[in-house]
Amino acid sequence: MNPACNVLISQLSSEKCEILLPHLQLSCLEAGQLIFRPQELIQFAYFPVTTIIALQIDISDGSSADIAWVGKEGMVGSGVMGSNQNFSRARVKFSGFAYKLPLPIFQSELAQDRAFLKIWMAATRQMILQIAMPSVCSSKHSNEQQIVRWILNTLDKTQGQTLQVTHQEIADVLGIRRESVTLSAGRLSHEGLIEVSRGQLHVLNRPQLQARACECYRIMNPIAKH
């Protein structure tokens, strides 16, 4: 599997890729696997290829909440300002593959290479946007538009056109009722845009589905602009 399947790695120069390639380790990650905990020293930076990793914060009642999902468009594990300190936990949301890079090597390249720093800063800005935009979307757009935006945005983080996800999981992520997800999924399925089976959602007509999304989708996901 080519490391350049990760968008950030694909933006590196060929010379930089040659430097990093011996240190990149392909890892198979399973759904639910814990990558790191809050306040835990980070050992690796992860560059997803087919997996999606959720960044989570702990709630006082003992539960946790997702604040961002990262797929092939980004990376996790750079900590606060590129350090090995972090405030969140990282847990695998969808099984798949990611390349991991020892954090000291990542930090060394970050300090020495201005182009590498620019790529990391762009990824950080995208992460901030991803955390902020859903609150705007939920206040301005319909449940169906939010659901379509979430489906497309999530697919763009991985490979293929199928998600292993339930209506309840989508509802939990968006903070809406499961019944709203079921109704919207039923309409989209009836129109031939998606196909829904038990625990699985498959996109049948990507262009038409994208036409139904609000502008938040194009703002949040740089891949959609190309």
Inset, instruction - Select from the range 1-18 the residues that are within 15 Å of Thr158 (Cβ to Cβ) and modelled with pLDDT under 90 and list them in ascending order. - result: Met1
Legend entry - Boolean, Ser78 is crowded, with 21+ Cβ neighbours inside 10 Å and either within 17 Å of the chain's Cα centre (by Cα) or in a loop (DSSP other than H, G, I, E, B) (or both): yes
Legend entry - Residue match in the range 55-63 (condition: closer than 29 Å to Gln112 by Cα, polar (S, T, N, Q) and not in a loop (DSSP other than H, G, I, E, B)): no
Legend entry - Residues being within 15 Å of Leu103 (Cα to Cα), in contact (Cβ under 8 Å) with a residue 12 or more places away in the chain and not in a loop (DSSP other than H, G, I, E, B) - total across the range 12-25: 5
Legend entry - Flag if Glu109 is of a type in the set (Asp, Glu) and either without any contact (Cβ under 8 Å) to a residue 40 or more places away in the chain or in contact with a Ser or Thr (Cβ under 7 Å, 6 or more places away or on another chain) (or both): no
Legend entry - Exclusive hit being out of contact with any Gly (no Cβ under 7 Å at 6 or more places or on another chain) and over 23 Å from Glu109 (Cβ atoms), set Ile9, Ile52, Ile59: Ile59
Inset, instruction - Return a yes/no flag: does the range 26-44 have any residue that is part of a helix (DSSP H, G or I), at pLDDT below 95 and either at negative phi or among the hydroxyl-bearing types (Ser, Thr, Tyr) (or both). - result: no
Legend entry - Elements of type helices (runs of 4 or more DSSP H) contained in the range 151-226, each with 1 or more residues being among the basic types (Lys, Arg) and not assigned by TED's automatic domain parsing to the domain that holds Ala54: 178-190, 206-211, 215-220
Inset, instruction - Please give the number of the condition Asn86 fails out of (1) in contact with a Gly (Cβ under 9 Å, 6 or more places away or on another chain); (2) surrounded by fewer than 19 Cβ atoms within 10 Å (Cβ to Cβ). - result: (2)
Inset, instruction - Could you tell me whether the range 68-79 includes any residue that is within 30 Å of Arg177 (Cβ to Cβ), in contact with a Ser or Thr (Cβ under 9 Å, 6 or more places away or on another chain) and of a type in the set (Asp, Glu)? - result: no
Inset, instruction - Looking for whichever is buried (at least 17 other Cβ atoms within 10 Å of the Cβ), touching a residue at least 12 places away in the same chain (Cβ under 8 Å) and farther than 23 Å from Glu73 by Cα here; the options are Ala185, Ala171. Which one fits? - result: Ala185
Inset, instruction - Inspect the range 135-145 for any residue being closer than 20 Å to Asn6 by Cβ and either touching a Lys or Arg at 6+ places or on another chain (Cβ under 8 Å) or assigned to a helix (DSSP H, G or I) (or both) and give the result as yes or no. - result: no
Inset, instruction - Would you mind telling me which numbered condition in (1) of a type outside the set (Gly, Ala, Ser); (2) surrounded by fewer than 17 Cβ atoms within 10 Å (Cβ to Cβ); (3) more than 23 Å from Val76 (Cα to Cα) Arg218 fails? - result: (3)
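The values are calculated or read from the model by the stated rules, or taken from the named source; none is laboratory data. All values derive from a computational prediction rather than experimental measurement. So basically every Cβ, Gly included, is an ideal-geometry build from the backbone, and we count neighbours across all protein chains shown.
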